[in-house]
Each structure stands twice: as C-alpha cells, then as structure tokens.
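What follows is a short report on a single structure.
Quick note: the coordinates plus some simple rules give every number you see, no bench work behind them. Just so you know, these numbers come straight off a predicted model, no measurement behind them. For neighbour counting, all protein chains shown are included, and Cβ atoms are generated from backbone atoms with ideal geometry for every residue, glycine included.
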Amino acid sequence: MMTLLVVLVVVMFLTDAKPIHTFSATSPVFGITVVDNELYVLCARDDDQIEVFTTTDHAPQRRLPVPGLTSSAVVDIAAGQNCVHIADCIRRPQTIHNVSLNGGLSTWKVPVWAYGLSATYDCSGLLITGRGRKNALVVLNGQGQLVHQIELLPDTGIEDPNHSVQLANGNFVVCHCGQSRLCIVDAGGKVIQTDRLADYSYLTYPVHLAVDRQNGYVFVADQLCDRVVMLGPSLQFLRQVIKLAQPRRLYFHQETRRLYVSHDCYVSVIQM
C-alpha cells in the first residue's frame, strides 16, 4: 500500500497537469484574481478592461471600465478589500487604479512604476513590484498608505523586476531579468536565496508568480519556455506543471486549489 502511494505521488510530480477548463476573454489577458467568489480578468484594451466571470463554470457576468487606463499601460491586477487594484505602468504620476465591487473608482499615487501586483501574505495589503529610476518593492495597507519600501539595489543582481510574492516568513520571492532570474529577498532588500534550478530546469524568462500559502509552493510562469513550473519554499525545482504557449499571468485560488494561467486571450484552469 505504501509503495503504491509513493508511485502515485511520483507520477503526479512527473506528469504535466491537464486544464479542467479553458475559457476565452475578448482581448489579451494581463491579470487574474478572485474577489467575493468572482473571477476578475484584466484585458489589454482601452475600455471595459475588466471582465468578470463566475468561479464555478466561468460564465461571463459583466464588464467594468477603468477610466484613464490605456491598453499599453495594462500590466497586472490584484485583489483588495472589497475591490481590485490595477497597475498602470505609464500614467504620470505613478498610479494604482482601484475598482470597488459596487463599481466605485479611485486612484492611489505610488512611488514607483508598478509592473506587478499581488496581495500581501495575510491579504491585508498590496505588494507592488516597481521599476524605473529605482527598482523597489512597495507594500501598501488597505487604504493605500505606505507600510514599507524595499529598494532593490544594483548589487543585488536584480534587473527589471517583473513580479513578486510574499512568503509566510515575511520574505519576498522576486522574478526578474537579471542572471539569477529568481531570488528571495528579506525585508531589508538583501538577497538570501537564489534559484536552485538545475540546468535542465533553468528559467529563461519568468514573468509572473503565485504562491500556495498552505504548502509554501511557488508557481512560476516561464514565458519563453512555454511552461509553468512549481518550486519549493527554498526555490528548489519540484515539477513542471503544464506546457502552454507563452503563459503570462498566474493566480492561485487557495480555497479551491485552482491555478489560473493566462496565455494570450485565454485562461486555463488547473486543479492542483
């Protein structure tokens, strides 16, 4: 019995997952999140940028506009407290757009160009991955007030960060365009771990991350390798989750243990 269980676990980790559903938006998808049991999909266009779907059968429900957000500035979305936050990588001054569940609109001014968004580990705030004259991670509370700013200095080797997620211990996983591609930094901006991937599993262009808070697994969209991989809490390679053409954005829904992956105008749903 124990031998059979071990074999099943090995097969699970060596075999690519299959999507349980793939559905289409009307434009390229640049962000996915879930709020109040609805799926919010951010699309690259100049109006009605958010498409809302059910989380059961992924049927379309409605569209929401984000005034002032152009298609070329669309980069990411994250869940907030009864709202969603949308990054704008072009607007001056640097801006986060907020759309409440009742349709209310507001903006926050932030100190960096936002290229990636995620909820903090306890889901009480917003983590911004910033580029520009300085690379930085910025943590805001639910009211948009600055909690913490971590500069990612050149000697860290972090170049053009794409996205970050917070871990249970307060550290941050950052994917970027530098040599290591992926690293863990502490609250002071010190790199304490780089990826531990062997040559056969080396990341080429990691663009987005998601974290399984229960097990500490980190999912990585490796866009130029056309795949999503799963890493352990110390960034050790565990498995290739799925092969998909140029995966762009990830979202892991903890309650249902579903991994959402955007690729072009599509979203694939993987049961983990």
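The table below gives the values:
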quantity: Backbone N within region 109-135 under 14 Å of label point (7 Å from ARG92 Cα along the Cβ vector); calculated: 113, 133
quantity: The chain, relative contact order [Cα under 8 Å, separation at least 6], %; calculated: 15 percent
quantity: Sequence of VAL35, VAL220, VAL84 once ranked by neighbouring C-beta atoms within 10 Å, starting from the fewest; calculated: VAL35, VAL84, VAL220
quantity: Pair ALA187, ASP47: separation of 7 Å Cα→Cβ label points (nm); calculated: 4.6 nm
quantity: Mean residue ellipticity (222 nm) of the chain, computed from DSSP H runs ≥ 4 via -39,500 (n - 2.57), nearest 500; calculated: -1500 deg cm²/dmol
quantity: Along principal axes, Cα extents of region 2-271, largest first, whole Å; calculated: 56, 46, 30
quantity: Ranking of LEU167, LEU182 by count of other Cβ atoms within 10 Å, fewest first; calculated: LEU167, LEU182
quantity: Distance (nanometres) between label positions extended 7 Å along Cα→Cβ at CYS123 and ALA245; calculated: 3.5 nm
quantity: Viscosity 0.692 mPa s, temperature 37 °C, Stokes-Einstein D of region 61-202 from Kirkwood C-alpha radius, µm²/s; calculated: 211 µm²/s
quantity: Convex hull (Cα only) mean projected area of region 160-272, reported in nm² to one decimal; calculated: 6.6 nm²
quantity: Candidates ARG227, ARG248, ARG91, ranked by Gaussian network fluctuation over the chain, Cα under 10 Å, top entry; calculated: ARG91
quantity: Simple label model, 7 Å out from Cα along Cβ direction - GLU255 to GLN61, nm; calculated: 1.1 nm
quantity: For region 17-95: Kirkwood Rh in Å [reciprocal of mean 1/r, alpha carbons]; calculated: 13.0 Å
